[in-house]
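Structure, as structure tokens:
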Amino acid sequence: MENNNSIIHVILTGGVGSRLWPLSRKSKPKQYLEIFEGKSLFEMTVERNSHLANKVMVVGNIDNHQLSAKVMDKTNTSYINIIEATPRNTAAAIAFAAFASELDDILIITPSDHIIDKMADYNNAIQEAISKAKEGYIVTFGIIPTKPETGYGYIESKGDKVLSFREKPNETTAKDFIARGNFLWNSGMFCFKASVLLEELKQFQPDVYQKSRAVWEANKEGFLDLDLSMEIPSISIDYAVMERSKKIKVVPASFSWSDLGSFESVYEYLVTKGHPIDNNGNMVIGCEKYTVFLGLRNTIFIHTNTANLILQKENSQDVKDIYNDLEKQNSDLLN
């Protein structure tokens, strides 16, 4: 064994999942909903990586850390808990995890709300990333795309070299990316040595580095201070480090992956698991009552105790607009 450095699985679990309202609420974001064969996405994330890492760290927020604790308890997983007082985007969240680690520890960063299949391919990709991380690279996971998806950012690559990061494209640009064949979906998963990430962050975003460090140093049993946290610029790790560093590599991964960020992707996933749809592709989620669709195709009916949503599957990305409108009205329906 080389000196006792750990491999740490860091789970980022700050998001609300506004595009899955009304299933996903502030009090129960999508990663905690037990709608995937009795498990939540968070639980599946913990299990998927349990044999790949020897420590687990959860970076969550003050609103959802009890929900995370329940999952960690259910899966009997001991973990290092980091509780953000306020969301400061991924650069800060990842910096906290790195500050909480030993300099030589290898961190595998994953969101808490992804569905992944083809585990042999997944495990191979992780092992490849760990070996590149040991050589001092910051590794991103690029998913080989299956369709011109507009809901994801892309990585333009050549072998394991990153040529560029691209924002979420429109339909035409997405089709162009797929046609060119060297574009991967940006999965939001990373692997690196703690010291390497911190050096790069310090170089490119000294402000985020210093202020995140000050917040981490003042932590009380993992709880972070609100006033100090407000000082940290809210920027993504992609913008802070990935798009600037010369140490980035990409592992093109053939495991099947979805961030279940929309009802369209939830629909596609549930269909593979045998969830019923009628002859015109209509689906009911969350309602036991007999429900019939007449003259409608590819419609999803989502039922909860306080709100229903009826949408055309193709309009899934627009749910966040409803969420934003309810937020402006300060509606209880988001809680």
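How many residues does segment 160-174 contain that are farther than 13 Å from GLU243 by Cα and touching a residue at least 60 places away in the same chain (Cβ under 8 Å)?
Matching residues across segment 160-174 total 1.
Filter segment 68-110 for residues that are open to solvent by 10 Å² or more (accessible area, probe 1.4 Å), out of contact with any strand residue (DSSP E or B) (no Cβ under 8 Å at 6 or more places or on another chain) and not polar (S, T, N, Q); which is nearest to GLN127 (Cα to Cα)?
Ranking the qualifying residues of segment 68-110, first place goes to GLU102.
Going through segment 210-247 one residue at a time, which ones are open to solvent by 20 Å² or more (accessible area, probe 1.4 Å), of a type in the set (A, V, I, L, M) and either under 29 Å from MET44 (Cα atoms) or part of a loop (DSSP other than H, G, I, E, B) (or both)? Steps first, answer last, please.
Restricting attention to segment 210-247, the residues satisfying the condition of being open to solvent by 20 Å² or more (accessible area, probe 1.4 Å) are 210-211, 213-214, 216-221, 223, 225-228, 230-231, 233-236, 238-239, 243-244, 246-247.
Adding the requirement that they be of a type in the set (A, V, I, L, M) leaves 214, 218, 226, 228, 230, 235.
Correct list: ALA218, ILE235.
Would you mention how many residues in segment 250-295 are closer than 30 Å to ALA133 by Cβ and open to solvent by 10 Å² or more (accessible area, probe 1.4 Å)?
Matching residues across segment 250-295 total 8.
Which pairs have Cβ atoms under 8 Å, sit 6 or more apart or on different chains, and link a residue in segment 265-290 that is assigned to a loop (DSSP other than H, G, I, E, B) to one that is open to solvent by 60 Å² or more (accessible area, probe 1.4 Å) and charged (D, E, K, R)?
Going by the 8 Å Cβ cut-off, the qualifying pairs are LYS273/GLU37; ASN280/ARG297; GLY281/ARG297; ASN282/ARG297.
If the requirement is being more than 30 Å from ASN81 (Cβ to Cβ), of a type in the set (Phe, Trp, Tyr) and open to solvent by less than 40 Å² (accessible area, probe 1.4 Å), which of these qualifies: PHE192, PHE165, PHE141? If you could, list the steps in order and put the result at the bottom.
On the way: PHE192 fails: more than 30 Å from ASN81 (Cβ to Cβ); PHE141 fails: more than 30 Å from ASN81 (Cβ to Cβ).
Just one listed residue meets the conditions, PHE165.
Kindly indicate the residue of segment 296-321 that is among the polar types (S, T, N, Q) and assigned to a strand (DSSP E or B) and also surrounded by the most Cβ atoms within 10 Å (Cβ to Cβ) among those meeting that condition.
By that ranking, first place goes to THR299.
Does segment 2-19 hold any residues that are open to solvent by 10 Å² or more (accessible area, probe 1.4 Å) and at negative phi, and which are they?
Hits for segment 2-19 are GLU2, ASN3, ASN4, ASN5, SER6, ILE7, LEU12, GLY14, GLY15, VAL16, SER18, ARG19.
Considering segment 54-67 alone, what residues qualify as being surrounded by fewer than 19 Cβ atoms within 10 Å (Cβ to Cβ) and not in a helix (DSSP H, G or I)?
ASN54, LYS55, ILE62, ASP63 - these are the residues of segment 54-67 that are surrounded by fewer than 19 Cβ atoms within 10 Å (Cβ to Cβ) and not in a helix (DSSP H, G or I).
Mind checking which pairs have a first residue in segment 185-209 that is among the basic types (Lys, Arg) and at pLDDT 95 or above and a second that is open to solvent by less than 30 Å² (accessible area, probe 1.4 Å) and part of a helix (DSSP H, G or I), Cβ under 7 Å, 6 or more apart or different chains?
Short answer, once both residue conditions are applied: LYS193/ALA133; LYS202/TYR209.
Inside segment 68-166, counting only strands (runs of 3 or more DSSP E) that do not spill past its ends, which hold 3 or more residues that are touching a Leu at 6+ places or on another chain (Cβ under 8 Å)?
Result: 80-84, 106-111, 138-143, 154-158.
Go through segment 322-335 and report how many residues are open to solvent by 70 Å² or more (accessible area, probe 1.4 Å) and in contact with a strand residue (DSSP E or B) (Cβ under 8 Å, 6 or more places away or on another chain).
Let us first name the residues in segment 322-335 that are open to solvent by 70 Å² or more (accessible area, probe 1.4 Å), namely 325, 327-330, 332, 335.
Cutting the leftovers down to in contact with a strand residue (DSSP E or B) (Cβ under 8 Å, 6 or more places away or on another chain) gives us 335.
Matching residues across segment 322-335 total 1.
What residue, among those in segment 24-53 that are of a type in the set (S, T, N, Q) and not in a loop (DSSP other than H, G, I, E, B), is farthest from ASP117 (Cα to Cα)?
The extreme case among them is GLN31.
The values are calculated or read from the model by the stated rules, or taken from the named source; none is laboratory data. None of these values were measured; they are calculated from a predicted model. In this analysis, Cβ positions are derived from the backbone assuming ideal geometry, glycine residues included, and neighbour counts consider all displayed protein chains. Protein only, heavy atoms only, side chains kept; ligands, DNA and RNA dropped before computing areas. Shrake-Rupley method; radii C 1.70, N 1.55, O 1.52, S 1.80 Å.
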